[in-house]
Amino acid sequence: MAMEGTLSRIGVVAALSFRSSFRGLRTVGLAVFALVPSLLILALGSGHAPSGSLESAAQELLGVLTLPIIVMVIVLIIAVGQFRNEIDSETLVYLTDRSVSRVALVAGKYIGAWGASLLLVIPATLLPLGIAGAYGAASVPSNVPLVALGAGVLASAVYVGFFLFLGLVSRSALMIGLVYGFLWEELLLLLPGSVPRLTIAYYLRCFLSGEVSSGPLAGFPTGVSAATAIAVILGVTLFFLIAASWVFRTLETAPERVSA
């Protein structure tokens, strides 16, 4: 019964977090941003690009734009605010005073933010391939859409964990997340040796190249196997969820008021 009660509370928190992720103009902005890769392929198709180059472009965008930038920014905007907004407005204290444990709150907010992210990430990863096909692009290996979907799910899972943690520990989480995404993730990929292994994008690309045998996706680095890449991504996700739970257990949820 206790387990059922905990799962029920996690479900309630997840549902609330999911709904709170979509607010006004921010939702419109995120939706338009998620469509950027699709709009690029649509522009190429409208310009009568050769079918072969259209399909190559759709796949290349997945590894160089959609996963490391589009998905990262979408998840950053959604996940960082899950805790940070409530901490700053001093409303999180009302949740922690209830019967919901802090670990259950972390789990619920993670699930809600992940679900909200997937609502935008899945079209961002699959629509470009579909548009390329609609314009008569050459056939691709049958597993490419499934691999693209898997990469989007993995990317959103690990980024939600990281940015959820970041939102707990820093008031500047949004800025730090942008610096991380556009400097750390992008620049370290260009460095030689083992340095790229310090990025999430490296393992996402290894997953893509390990699962697709031909085409642009197969050209990404294969320093580790697809199975190892999945294990690393899931391990990093679990690490940040545990870290977030530990931090949250010791966190002052309402900032201390200073008398005038």
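The values are calculated or read from the model by the stated rules, or taken from the named source; none is laboratory data. Small disclaimer: the values here were computed from a predicted structure and weren't measured. Every residue, glycine among them, receives a Cβ derived from its backbone with ideal geometry; neighbour counts consider all protein chains shown.
Against the test of being in a helix (DSSP H, G or I), within 22 Å of Leu174 (Cβ to Cβ) and modelled with pLDDT under 95, the options Glu60, Glu90, Glu86 yield a single qualifying residue, Glu86. Once segment 211-236 is narrowed to residues that are touching a residue at least 60 places away in the same chain (Cβ under 8 Å) and in contact with a Gly (Cβ under 9 Å, 6 or more places away or on another chain), the residue that is farthest from Leu146 (Cα to Cα) is Val236.
Residues checked against (1) out of contact with any Ser or Thr (no Cβ under 8 Å at 6 or more places or on another chain); (2) modelled with pLDDT under 95; (3) among the aromatic types (Phe, Trp, Tyr); (4) outside any helix (DSSP H, G or I):
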{"site": "Pro145", "(1), (2), (3), (4)": "yes, yes, no, no"}
{"site": "Leu154", "(1), (2), (3), (4)": "yes, no, no, no"}
{"site": "Leu168", "(1), (2), (3), (4)": "yes, yes, no, no"}
{"site": "Glu186", "(1), (2), (3), (4)": "yes, yes, no, no"}
{"site": "Gly193", "(1), (2), (3), (4)": "yes, yes, no, yes"}
{"site": "Leu204", "(1), (2), (3), (4)": "yes, yes, no, no"}
{"site": "Phe240", "(1), (2), (3), (4)": "yes, no, yes, no"}
{"site": "Ala244", "(1), (2), (3), (4)": "yes, yes, no, no"}
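Checked against the criterion of being farther than 15 Å from Pro68 by Cβ, crowded, with 16+ Cβ neighbours inside 10 Å, in contact (Cβ under 8 Å) with a residue 60 or more places away in the chain and charged (D, E, K, R), segment 241-255 has no qualifying residue. Could you give every pair whose Cβ atoms fall below 8 Å, whose first residue belongs to segment 36-62 and is within 21 Å of Arg205 (Cα to Cα), and whose second residue is polar (S, T, N, Q), counting only separations of at least 6 or pairs across chains? Hits for this filter: Pro37/Thr66; Leu62/Thr125.
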